[in-house]
1. Evaluate the following for Glu76: is it of a type in the set (D, E, K, R), in contact with a Gly (Cβ under 8 Å, 6 or more places away or on another chain) and open to solvent by 10 Å² or more (accessible area, probe 1.4 Å)?
2. For segment 1-22, name all the residues that are of a type in the set (Lys, Arg) and assigned to a helix (DSSP H, G or I).
3. Just for segment 22-37: of the residues that are buried (at least 17 other Cβ atoms within 10 Å of the Cβ) and farther than 18 Å from Tyr184 by Cα, which one is farthest from the chain's Cα centre (by Cα)?
4. If I filter segment 180-191 down to residues being crowded, with 18+ Cβ neighbours inside 10 Å and among the acidic types (Asp, Glu), which single residue comes out as nearest to Arg205 (Cα to Cα)?
5. Out of the residues in segment 114-136 that are among the hydrophobic types (A, V, I, L, M, F, W, C) and part of a helix (DSSP H, G or I), state the one that is modelled with the lowest pLDDT.
6. What about Ala228, is it open to solvent by 20 Å² or more (accessible area, probe 1.4 Å) and either at pLDDT 90 or above or charged (D, E, K, R) (or both)?
7. Would you please name the residue that is nearest to Lys106 (Cα to Cα), looking only at residues in segment 1-12 that are surrounded by 16 or more Cβ atoms within 10 Å (Cβ to Cβ) and out of contact with any Asp or Glu (no Cβ under 8 Å at 6 or more places or on another chain)?
8. Looking at segment 163-179, can you tell me whether even one residue there is loosely packed, with under 14 Cβ neighbours inside 10 Å, touching a Ser or Thr at 6+ places or on another chain (Cβ under 9 Å) and of a type outside the set (S, T, N, Q)?
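The values are calculated or read from the model by the stated rules, or taken from the named source; none is laboratory data. On a predicted model such as this, the values are computed, not experimentally measured, just so you know. Note that we place each Cβ from the backbone using ideal geometry, even for glycine, and neighbour counts take in every protein chain shown. Protein only, heavy atoms only, side chains kept; ligands, DNA and RNA dropped before computing areas. Shrake-Rupley method; radii C 1.70, N 1.55, O 1.52, S 1.80 Å.
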Amino acid sequence: MIKIAIVEDDARQQEELRAYLTKYFSDLHLPTEITSFGGADAFLYEFGRHKYNMIFMDIEMPGTNGMEASERLREEDEDVLLFFVTNLAQYALESYKVSAFDYIVKPVNYYNLALKMKRALRQLKRTEDTPIMINASDGQHVISVSDIRYVEVMGHNVIYHTTKGDLFVGYDSLKSIRAKLEPYDFVLCDRSFLVNLKYVTGVSRENLYVGDATLKIAKSRRAEFMLAFTRYFSGEA
């Protein structure tokens, strides 16, 4: 569950941002909990360390402004991803004083927001161990994304190969699985294999090595896979 706070005194802009975020994470099948506040004072009253993964903070608000609120929240939480959302570009430099993750200029554009969210998810992946639910043949399992080595699809039968053993799923679609896992550096190397780049130990012309497992790289996927592989291990992804 990704927990998000929106601190914005303009009700219309607050709802627009909420709708954009809901659409983005819904399209990825990632559950979210979004809480909206009409001002910084209401937000600070209930704020606590590690209560949110992301905070979207307007700057110009009645009472305590967004910059003052951000200075106070950083005293309690150094990790939360902080986004400033404002039409006042002069605050861009000041945002770095409170370690803002990014800066969004109003009016918010969905495409621009989606690019920033993609980068934010990568950051969350590095700092959190995200749990997911898998409905396997022997019951429901909650496992960490970081424990999945690769996913194998045979027809509509799916096997999650994890560090703790294999989980067999009677039916699922590759499209659905990709939507859930690709934000966490999983890449398709063949129509049957979705691989966690974290566990790749070697690549040859036709094969990919994930520990003791040898997987095929489809010719049609090789260029895309190698680009993702190179960017991941160079720290660009």
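1. The answer is yes for Glu76.
2. Answer for segment 1-22, where residues must be of a type in the set (Lys, Arg) and assigned to a helix (DSSP H, G or I): Arg12, Arg18.
3. Among those residues, the one meeting the criterion is Phe37.
4. Asp190
5. Leu124
6. No: the conditions fail for Ala228.
7. This residue is Ile6.
8. Within segment 163-179 (the criterion being loosely packed, with under 14 Cβ neighbours inside 10 Å, touching a Ser or Thr at 6+ places or on another chain (Cβ under 9 Å) and of a type outside the set (S, T, N, Q)), the answer is yes, since at least one residue qualifies.
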